[in-house]
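Step one of this worksheet: look at the structure below.
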Amino acid sequence: MFSQNEIVANLYALASKVLQYEDKSLQERAKKLIPLERITIQTERAQREIQAEIKKKQTAEESETHVAELFIFHLMKWFKEEFFTWVDNLDCEKCGGPAVSRGQTLLHAVSQERIEIFYCIVCCVETRFQRYNSISDLLESRRGRCGEWANCFTFLCRALGYQARYIHDLTDHAWTEIYSPTQNRWIHCDPCEVQMDSPLLYEKGWGKKLTYVLAASWEEVQDVTWRYTGDFASTLQRRNLVSEVELMRTILNINKTSNEGVRIAGDLTGRVKSFQRQGERVVQVLDLLRLPNLEGCFSIYGGDRRVLSPDSDNGWVYRDEGRVIRLVIQISARVIASST
């Protein structure tokens, strides 16, 4: 369970964590590991198939507007199938037998990264699994769980020049978002599931009770919870670990003051500069409330229509969006007033 201070600390930690994505030497190292030519060929082939389906009127014409992001979908497939490995249990480092976790963890003396302790059921020798946050280490180990997967994949997207950010769900998951200039929005990408543009996957597909979904890039941190829920009222009731005013104030303070040297060196874009103008902060907050598209819950990139299609019994009708928007406007006004 998180406390208010832990959530605030988590935001600062996320803002710091993603700065390593901008390391140019790491980016060059990553590019050498990605089979760019093969993924480009796969993307072009998929694009031709979509265009053929459009001509046959088997696919809506607006699907063509998503083609620019097809590369990321095929990058995810390669990442899961060939590059990264999921870790549940380990093989014993001594005898190669199966090692299982007993729930014991340590903290690395220098990096403070978590180390999970596994024991071999054959020879009882201890095997350790370090949960790396360092991209350099992840490019070597190429293994982990959703946190490591999302961390490394988000970095690869940045290395290839995409605007990308790391998404942390406090109910224990992590994924990536990339920004699409053609669609003028952030797009959900989950490398663990090879799912793209399926934001209701977790709530409607997995049955998760979301609380706080936080996004971090070198430019900013944001609360993006509302992009991943269709049940605003219940989600609001569960968000009781920190006041909405304090959460927003923390986000604005981080975006305004933290890592200024890196941001100046990165030549802030006009979009980020505008976010830092007090008069436009309400617009910034309302952008978080871009509603999931009910008709677009199944995306051309992949997914299970049966899981993600609207359910009339559950009612994916956003009856509470007006309440949420009014609430956030009120919170925004209070935060802006308190900061002037």
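The values are calculated or read from the model by the stated rules, or taken from the named source; none is laboratory data. Just so you know, these numbers come straight off a predicted model, no measurement behind them. We place every Cβ from the backbone using ideal geometry, glycine too, and count neighbours over all the protein chains shown.
Okay, residues lined up against (1) closer than 30 Å to E28 by Cβ; (2) outside the structural domain of A30 (by TED's automatic domain parsing); (3) out of contact with any Phe, Trp or Tyr (no Cβ under 8 Å at 6 or more places or on another chain); (4) among the hydrophobic types (A, V, I, L, M, F, W, C):
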| residue | (1), (2), (3), (4) |
| --- | --- |
| C95 | no, yes, yes, yes |
| S101 | no, yes, no, no |
| A109 | no, yes, yes, yes |
| F118 | no, yes, no, yes |
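Anything in the stretch 150-173 that is aliphatic (A, V, I, L, M) and buried (at least 22 other Cβ atoms within 10 Å of the Cβ)? List them, or say none.
Residues satisfying the conditions are A150, L156, A159, A164, I167.
So which residues in the stretch 164-198 are under 22 Å from S16 (Cβ atoms) and among the acidic types (D, E), if there are any at all?
D169, D172, E177
Pick from F73, F129, F83: which is at pLDDT 90 or above, touching an Asp or Glu at 6+ places or on another chain (Cβ under 8 Å) and of a type in the set (F, W, Y)?
On inspection, the qualifying residue turns out to be F129.
Which condition from (1) touching a residue at least 24 places away in the same chain (Cβ under 8 Å); (2) part of a helix (DSSP H, G or I) is the one that C123 breaks?
In the conditions (1) touching a residue at least 24 places away in the same chain (Cβ under 8 Å); (2) part of a helix (DSSP H, G or I), C123 misses (2) alone.
Please work out if V110 is without any contact (Cβ under 8 Å) to a residue 12 or more places away in the chain and in a loop (DSSP other than H, G, I, E, B).
Yes.
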